[in-house]
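FYI, it's all coordinate maths here, none of it is from the lab. What you are looking at is a predicted structure, and each value in this text was computed from that prediction instead of being measured. A quick note on method: Cβ atoms are made from the backbone with ideal geometry, for glycine too, and the neighbour counts reach across all protein chains shown.
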Amino acid sequence: MTGKEIEPGIYVSSQIALDDLPSLAAAGITLVICNRPDGEDRMQPTAAETAQAAESLGLGFLHLPISALHEITRRPRLEELAQAIAANSGHVLAYCRSGARSAALLAAKQVAIDGVPVEHAVRRLKAIGYDLPALKPVLAALAAKAGCARD
């Protein structure tokens with residue numbers, strides 16, 4: 001499986017190519033989430049191209065672009081992400097340029113929607129290779145706003 005497992009059955013990765021989709025489907029991915037804005041890089045396929053290729057293989061596709069860290073705290077975005085994951089019957093792969101934004105968004109969902117303690121979310125990110133010191137205060141503020149435990 002390409003990607004790093006952030007929680008059971010949910011993976012994050014760097015940019016995927018359209019040619020990667022068949023192997024992702026074969027590995028059990030049933031939902032692909034793109035966290036890159038279109039046009040971020042000239043070489044990346046557009047969300048529409050990726051959606052069409054994914055859907056032709058029977059995969060779900062969700063485009064939740066993130067261009068700045070503060071965007072991960074938007075409650076409607078977190079709810080849309082949580083609903084898409086909950087409605088999915090297989091594995092999920094979220095990707096962006098390096099995987100860091102996708103990992104941050106999923107950690108925000110864990111904290112704000114799932115009630116995961118901030119320290120646990122941060123430790124899990126670090127364990128899979130994403131040391132994002134600026135994220136901890138963002139997650140703590142999100143947890144406080146959601147009424148969740150901070151540590």
Return the whole-Å distance between the Cα centroid of the stretch 3-60 and the Cα centroid of the stretch 86-151. 19
What number, in percent, do you get for the relative contact order of the stretch 4-146 if the mean sequence gap of Cα pairs under 8 Å and at least 6 apart is divided by its residue count? 30
Counting sequence-distant residues (5 or more places) and residues on other chains, those with an amide H built under 5 Å from that of Tyr11 are Ile6, Val92, Leu93, Ala94
Through the Karplus equation 6.51 cos²θ - 1.76 cosθ + 1.60, θ set to phi - 60°, convert the phi angles of the stretch 88-94 into ³J(HN,Hα) values in whole Hz; use x for Gly and Pro. 8, 9, x, 7, 10, 10, 10
Once amide H atoms are built 1.01 Å from N in the peptide plane, which residues 5 or more positions from Gly60, or in another chain, come under 5 Å H to H? Leu31, Val32
Spelling out what I want: for every residue of the stretch 113-130, take phi, set θ = phi - 60°, compute 6.51 cos²θ - 1.76 cosθ + 1.60 (Karplus), and round to whole Hz; glycine and proline get x. 9, 8, x, 5, x, 3, 4, 5, 4, 5, 4, 5, 4, 5, 5, 9, x, 10
Tell me which lysines have Cα within less than 19 Å of Lys145's Cα, excluding those fewer than 8 residues away on the same chain? Lys109, Lys136
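Rounded if a/c is under 1.5, else prolate if a/b beats b/c, else oblate: with a ≥ b ≥ c from the C-alpha gyration tensor eigenvalues square-rooted, which is the stretch 73-130? Write out the running numbers ahead of the final one.
On the way: a/c = 1.56, a/b = 1.20, b/c = 1.30.
Taking the square roots of the gyration eigenvalues as a ≥ b ≥ c, the stretch 73-130 is oblate.
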If a/c stays under 1.5 just call it rounded; otherwise compare a/b with b/c (prolate if a/b is bigger, oblate if not). Do that for the chain, with a ≥ b ≥ c from the square roots of the Cα gyration tensor eigenvalues. prolate
Please compute the modelled spin-label separation between Leu18 and Arg42, points set 7 Å along Cα→Cβ, answer in nm with one decimal. 1.9
